[in-house]
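Visitor: Can you read through this structure? Questions will come right after.
The values are calculated or read from the model by the stated rules, or taken from the named source; none is laboratory data. Since we're looking at a predicted model, the values are computed, not measured. Positions of Cβ are backbone-derived with ideal geometry, glycine not excepted, and every protein chain shown enters the neighbour counts.
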């Protein structure tokens with residue numbers, strides 16, 4: 001997590017709700033913590049393999065992490081097992097709400113230390129692997145694959161197709177949007193209601209769902225980022241696969257959060273197999289609070 005603190009170490013409460021933060025990258029902190037503490041120490045033994053789950057709980061920061069002086073494999077994404085894949089150079093990118101599970105081989109020597117560092121702007125140590133001074137473990141050569149969860153594969157060409165068009169934000173050019181049933185100009189939306197983003201021309205949670213489907217239907221959603229900022233789009237109640245340039249998706253990992261860069265489009269497919277009313281929102285939480293939230297309904 002990251003925290004915006006004053007020089008005396010207290011929380012910078014005066015900056016909550018900043019319209020600038022809402023319209024730009026969101027609220028970014030100046031202190032990084034792991035499990036609620038700066039420079040969190042993780043005790044390990046040379047030669048052992050640990051399972052490490054990383055979750056980006058920052059409001060808005062996209063974490064660029066490097067696990068130094070260890071060997072790691074990705075074994076799950078967003079809670080769903082994947083075919084183990086080496087973590088190249090120990091680096092990974094994690095958007096808000098994204099989770100990643102790693103099998104980490106502790107390759108250091110007894111008594112040594114190595115870091116989990118954030119490297120997007122220089123190097124900031126978030127956590128430390130602290131090796132026991134004498135205890136060791138024999139490394140296991142085989143890396144076991146986690147058993148897959150039972151998720152239904154979406155149809156290759158779903159009949160239900162939905163667009164999620166993102167607009168607004170600083171330098172975005174959005175002129176107006178619907179808010180609580182009224183079409184309002186951007187100046188009024190921003191100054192009176194703190195709304196600067198929209199999905200499909202609607203700012204904030206609408207009274208009607210973005211779409212409604214029967215349980216068991218396959219859905220294809222095209223997520224279009226027509227803004228100048230990245231967005232971590234998070235779907236509640238379901239996992240999806242992203243389709244590739246050729247239109248296939250069966251080889252893609254199951255996700256519930258996807259980072260979409262400025263001016264990019266991502267197409268995802270999923271089976272609506274969980275009845276209820278489910279949110280879709282940007283997990284840069286200032287963006288959600290300022291308009292980037294909607295919902296869909298699965299009936300039956």
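Visitor: Might you let me know whether segment 95-107 holds any residue that is over 30 Å from residue 286 (Cα atoms), touching a strand residue (DSSP E or B) at 6+ places or on another chain (Cβ under 8 Å) and part of a loop (DSSP other than H, G, I, E, B)?
Guide: yes
Visitor: Would you be able to tell me the number of residues in segment 180-199 that are under 26 Å from the mean Cα position of the chain (by Cα) and either closer than 27 Å to residue 266 by Cα or not assigned by TED's automatic domain parsing to the domain that holds residue 221 (or both)?
Guide: 5
Visitor: Yes or no: segment 234-252 includes at least one residue that is crowded, with 19+ Cβ neighbours inside 10 Å, in a loop (DSSP other than H, G, I, E, B), in contact (Cβ under 8 Å) with a residue 40 or more places away in the chain and under 14 Å from the mean Cα position of the chain (by Cα).
Guide: Among the residues of segment 234-252, at least one is crowded, with 19+ Cβ neighbours inside 10 Å, in a loop (DSSP other than H, G, I, E, B), in contact (Cβ under 8 Å) with a residue 40 or more places away in the chain and under 14 Å from the mean Cα position of the chain (by Cα), which makes the answer yes.
Visitor: If you go through segment 286-300 one residue at a time, how many are surrounded by 20 or more Cβ atoms within 10 Å (Cβ to Cβ) and not in a strand (DSSP E or B)?
Guide: So the answer is 7.
Visitor: Across segment 89-131, which residue is modelled with the lowest pLDDT among those that are surrounded by 15 or more Cβ atoms within 10 Å (Cβ to Cβ) and at positive phi?
Guide: 90
Visitor: Still on this structure, please answer the following. For segment 260-282, give me each residue that is farther than 26 Å from residue 150 by Cβ and surrounded by 20 or more Cβ atoms within 10 Å (Cβ to Cβ).
Guide: 260, 281, 282
Visitor: Within segment 268-277, count every residue that is in contact (Cβ under 8 Å) with a residue 40 or more places away in the chain, part of a strand (DSSP E or B) and over 16 Å from the mean Cα position of the chain (by Cα).
Guide: The total comes to 5.
So that you can scan it fast, the table gives a plain yes or no per residue for (1) at pLDDT 95 or above; (2) surrounded by fewer than 14 Cβ atoms within 10 Å (Cβ to Cβ); (3) over 20 Å from residue 25 (Cα atoms):
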site	(1), (2), (3)
133	yes, yes, yes
157	no, yes, yes
179	yes, no, yes
190	yes, no, no
195	yes, no, no
198	yes, no, no
